[in-house]
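Notes to accompany the following structure.
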Amino acid sequence: MTKTRKTYAVLFIALICITALASAMHHNPATDKNGNTALTNVLTDSISRITSSCPGEIGVAVIINNTDTVTVNDKSIYPMMSVFKVHQALAICNRFDKDALSLDTLLTIKREELDPMTWSPMMKEHPESPITLPVKELLRYTLIKSDNNASNIMFERLADIAETDSFIATLIPRKSFQIAYKESEMSADHAKAYSNYTSPLGAAILMNRLFTDTLVSREKQEFIMKSLGECATGKDRIAAPLLRKEKVSIAHKTGSGYTNNGVLAAHNDVAYITLPNGTHYTLAIFVKDSKGNESQASKVAAHISAIVYSLLSPQTAGHS
């Protein structure tokens with residue numbers, strides 16, 4: 001073989017290798033020398049740029065395909081607000097499993113037990129006195145419409161704050177969260193909302209396990225999952241950029257805080273999302289002490305959600 005032919009052969013082999021490498025990087029996230037994937041690095045950088053320019057502290061966690069994890073500002077300091085109704089639902093289902101009770105069990109509530117000043121679609125939709133509803137309907141009110149009266153009643157009658165806190169500590173890291181007060185107590189003293197705290201990753205782990213693991217009996221867990229898929233609150237947050245996407249499913253729970261002296265205490269959303277390419281991911285976004293309003297906080301959450309979706313949707317086809 002002549003020198004020229006040898007040169008062409010080497011170049012040809014090099015070209016094949018480069019093409020193969022480029023193809024592999026296109027279909028699967030590249031791994032750098034530190035063991036981190038290029039995809040998670042891009043996600044972290046993109047999310048960090050968004051959060052750093054916002055008025056207030058924003059924490060984000062992403063769990064991709066039950067393996068890769070991205071976190072930004074992941075501290076256990078974010079008020080959960082109504083996100084804790086997911087925790088409550090799991091604790092109640094665990095209690096009912098132990099006692100061999102059905103979620104069809106009826107609960108009778110006197111009207112004087114309810115707070116007419118709090119957020120309560122249940123109270124408006126049931127003017128009768130007393131109100132008698134199955135437990136599953138009360139749970140639906142909390143998970144789908146974030147009803148505060150229904151949540152208070154169930155904490156008082158079915159699984160209290162201490163039991164809920166203890167059970168969730170068996171599912172996610174103890175240091176990542178705390179549940180200390182119910183909605184009525186936070187309403188009376190807004191500062192108590194900061195004692196019901198979570199890290200973004202703690203909330204993401206719980207939501208991810210809810211959809212990928214066995215936490216309570218199958219029927220009850222599927223009920224919770226289905227209810228979260230029907231969530232009617234906060235569609236301007238994580239769900240906003242996904243609503244018109246074909247075959248994208250989202251189940252989520254929001255939590256909204258009080259505004260005191262122009263400061264928004266919390267504006268949260270935690271979601272489990274499945275894409276048509278088989279990718280599934282959990283996204284938790286917590287906004288704390290923002291000087292912006294709720295609409296601005298929602299736009300930030302929607303922006304982060306759009307970035308995560310755009311990076312995962314085209315790059316992870318077939319990766320599970």
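The values are calculated or read from the model by the stated rules, or taken from the named source; none is laboratory data. These figures come from a predicted structure and were not determined experimentally. Using ideal geometry, Cβ is built from the backbone for each residue, glycine included, and neighbour counts are taken over all protein chains shown. Surface areas here come from the heavy atoms of the whole protein model, side chains and all, with no ligands, DNA or RNA. Shrake-Rupley method; radii C 1.70, N 1.55, O 1.52, S 1.80 Å.
Observations, loosely collected:
- For the residues I307, I144, I285, a GNM of the chain with alpha-carbon springs under 10 Å puts the largest fluctuation on I307.
- For the stretch 266-309: relative contact order, % (alpha-carbon pairs under 8 angstrom, 6 or more apart): 36
- Residue among L242, L133, L210 with the largest mean-square fluctuation in a Gaussian network model of the chain, springs linking Cα atoms under 10 Å: L133
- If R0 is taken as 45 Å, the Cβ-Cβ distance between E230 and S53 corresponds to a FRET efficiency of 0.85.
- Loop trypsin sites (Lys or Arg not before Pro), the stretch 85-179, which have at most 13 other Cβ atoms in a 10 Å radius of their Cβ (DSSP): K110
- Remark: the K299-T67 segment gains 80.7 nm on full extension, using 0.36 nm per residue and subtracting the alpha carbon distance.
- One chain, two ends: K110 and H190. Fully extended at 0.36 nm per residue, the span grows by 26.2 nm beyond their Cα-Cα distance.
- Going through (1) 28; (2) 33; (3) 24, the figure that equals percent of Cα pairs over 36 Å apart as computed for the structure here is (3).
- Once both labels are positioned 7 Å from their Cα atoms along Cα-to-Cβ, the gap between K75 and A180 label points is 1.7 nm.
- Nearest-ten-degree value, helix 84-98 long axis tilted from longest Cα axis of the chain: 70
- The stretch 70-190: C-alpha gyration tensor shape, a/c 1.5 cut-off, then a/b vs b/c: oblate
- Note on D99: accessible area is roughly 80 Å² with a 1.4 Å probe, heavy atoms of protein only.
- Gaussian network model of the chain, springs between alpha carbon atoms under 10 Å - residue of H190, H252, H267 with greatest fluctuation: H190
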